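S.K.: Dumping the structure here so I can ask a few things about it.
The values are calculated or read from the model by the stated rules, or taken from the named source; none is laboratory data. Keep in mind that this is a model prediction, so the values were computed, not measured. Here Cβ is always computed from backbone atoms with ideal geometry, including for glycine, and neighbour counts include all displayed protein chains.
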Amino acid sequence: MDRPDPITLQDVDYGGLEQATGFLLRLAQLRVFEHFYKAMEGQDLRLGAMSALILIGHNPGIRHGMLADALSIKLAHTTKMLKGLEARGLVRRHQPAYDRRSIELRLTDAGMALMRDLQRLIALQEDLSVAVLTERERQQLRRLLGKVAGVPASPLQRPAAVAEEAATQGNPAPRRRT
């Protein structure tokens, strides 16, 4: 049937896609990445490399395979990325005395400085990308996305997250031992 006027974005019928988690996640990802890439202009780093710098900085001594697992990146891709970070003087490999067969990753001083800068930029873009949400909604979104993604709450948020999870399931919050 012909319409008398053109369809606007508000008129679009998503045909049930508005109920599809994957579709909504993809649209949300595009919106968040739009803000993210604007904030990161001039950094000359891809998202995976930025994430790797932050994980290595907060987990000095993390092994290559564990980093790949934590980022859900193939080991071969992680190897290539780490070589690039090493070439830029941001990451160094370390062979611990207790296990001469293993290689641990650590940030250089330049890597630590860049990681701190990146974390500030990420915090700023995070505020822009979820500006339509209240603080409570932001926390709930992060908690739920973390749960779907299998990423545990940060150590500072775990007690509240455990209590909130219990409350949402109708269970009393676990009691802390004093």
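S.K.: Report yes if Gly84 is farther than 30 Å from Leu24 by Cα and either in the same structural domain as Ala28 (by TED's automatic domain parsing) or within 15 Å of the chain's Cα centre (by Cα) (or both), otherwise no.
M.R.: Yes, satisfied.
S.K.: In segment 26-40, is there at least one residue being touching a residue at least 12 places away in the same chain (Cβ under 8 Å) and either small (Gly, Ala, Ser) or part of a loop (DSSP other than H, G, I, E, B) (or both)?
M.R.: Yes, there is a match, as at least one residue in segment 26-40 is touching a residue at least 12 places away in the same chain (Cβ under 8 Å) and either small (Gly, Ala, Ser) or part of a loop (DSSP other than H, G, I, E, B) (or both).
S.K.: I would also like to ask the following. Test Glu18 against the stated conditions and say whether it is assigned to a helix (DSSP H, G or I) and under 29 Å from Val132 (Cβ atoms).
M.R.: Here the answer is yes, as Glu18 does meet what is asked.
S.K.: For segment 32-58, what are the residues that are surrounded by fewer than 17 Cβ atoms within 10 Å (Cβ to Cβ) and hydroxyl-bearing (Ser, Thr, Tyr)?
M.R.: Once the filter is applied, which keeps residues that are surrounded by fewer than 17 Cβ atoms within 10 Å (Cβ to Cβ) and hydroxyl-bearing (Ser, Thr, Tyr), segment 32-58 yields only Tyr37.
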